[in-house]
2 protein chains.
Amino acid sequence: MKSFTILILAIAVASTILAALPFALGHAEDEATPIFGGKLPDGYRDWGLISVAHEEGNLNDLRAILGNDVAIKAYREGKLPFPDGTILARLAWSYVPSEENNKVFGRVQSFVAGPAPDWYLQFMVKDSKKFAATAGWGFAQFDKDGKPADEAKLKTCFPCHQPFQAGDFVFTRYAP
Amino acid sequence: MKSFTILILAIAVASTILAALPFALGHAEDEATPIFGGKLPDGYRDWGLISVAHEEGNLNDLRAILGNDVAIKAYREGKLPFPDGTILARLAWSYVPSEENNKVFGRVQSFVAGPAPDWYLQFMVKDSKKFAATAGWGFAQFDKDGKPADEAKLKTCFPCHQPFQAGDFVFTRYAP
């Protein structure tokens with residue numbers, strides 16, 4: 001009889017957890033946990049190029065900003081705010097001198113993409129309803145192994161983009 | 001009668017020039033004048049990203065290297081030499097600090113793509129027969145108005161790429 005009581009208790013506890021789970025997940029999806037269900041969006045590496053940049057200081061990276069078809073079209077048409085369905089991908093690589101290039105040029109002048117840093121991949125996805133609390137933008141970050149950044153990290157994204165209201169909270173302009 | 005003589009002379013000179021032209025053009029196409037008939041290849045701005053770089057010194061630019069489908073496939077499969085039909089596009093923009101980004105970061109750290117320099121666009125196209133004299137690669141350059149570089153300029157391309165025999169004469173490696 002004792003083991004039967006434990007079984008009933010275990011079922012009760014499990015039911016409580018399971019009952020709470022959908023709410024917890026729903027809550028998470030509505031706010032700041034990784035978008036794309038923690039997975040990289042399909043085919044992002046084939047998206048069109050928006051622009052390139054170099055960040056000095058602690059970042060010290062070379063970066064490319066790519067966009068899905070919705071994003072590229074909006075940029076080229078100068079359409080702001082970006083429409084729902086826009087996804088921007090920011091790829092970063094460490095900023096390293098190219099010894100083989102410099103040898104050809106005869107001086108240190110060439111810096112190329114090196115190994116990926118922890119902030120390798122960042123995404124902004126526009127869904128004006130789902131991400132209404134952050135001006136319609138959802139944020140995601142993945143390291144080079146595809147591991148998503150945690151919620152605390154992602155909460156730092158929007159405050160940094162917030163000053164760019166005139167450009168719909170996006171730093172990057174299209175490089176023709 | 002004097003004007004008639006001048007007319008005959010003019011026709012004779014014009015005929016000589018016209019007769020020589022096809023040979024001159026044929027010669028040019030086989031060797032070092034602009035490929036693509038002096039026009040930009042269709043859709044190059046939508047091609048996939050290979051990598052990014054920063055060149056200091058006189059160039060002082062930020063650049064992106066794009067490739068057509070043949071190029072991207074060859075890079076991802078590590079296939080060397082590049083197959084015929086490969087086209088690489090190198091886009092360059094002047095390297096300028098972004099004051100609006102720096103204001104957000106609270107320091108000078110952000111460099112972005114500015115106006116296009118004269119060497120805005122360069123292409124390498126692989127055709128092992130047509131460009132046999134330059135290891136199978138044809139070279140082209142266009143400024144931001146689509147004006148092709150002259151033959152003398154294009155003759156400087158291959159000598160600079162020549163040391164990179166191990167990478168099939170291409171500087172850029174794929175950034176994953």
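FYI, it's all coordinate maths here, none of it is from the lab. No experiment lies behind these values; they were computed from the predicted model shown. Heads up, the Cβs are rebuilt from the backbone with ideal geometry, glycines too, and the neighbour counts pull from every protein chain shown.
Values as computed for the structure displayed
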item	result
Label distances, nm, B:GLY57 versus same residue in remaining copies, Cβ-directed 7 Å point	3.0
Within segment B:42-142: Cβ-based charge dipole about Cα centre, in debye rounded to nearest 20 (Lys, Arg +1; Asp, Glu -1)	280
Order of B:THR86, B:THR134 under a 10 Å beta carbon neighbour criterion, fewest first	B:THR134, B:THR86
Zone of A:LYS73's modelled label, taken as backbone nitrogen in segment A:128-146 under 18 Å from a point 7 Å along Cα→Cβ	A:128
Counted charge near B:GLU55, where neighbours are those whose Cβ lies closer than 11 Å (Asp, Glu -1; Lys, Arg +1)	+1
Proxy reagent accessibility, fewest Cβ within 10 Å first, across B:TRP47, B:TRP137	B:TRP47, B:TRP137
Exam field: B:PRO115 pseudo-label spacings to other copies (7 Å along Cα-Cβ), nanometres	4.1
Scaled radius of gyration (Cα, divided by 2.2 N^0.38 Å) that segment A:41-176 gives	1.13
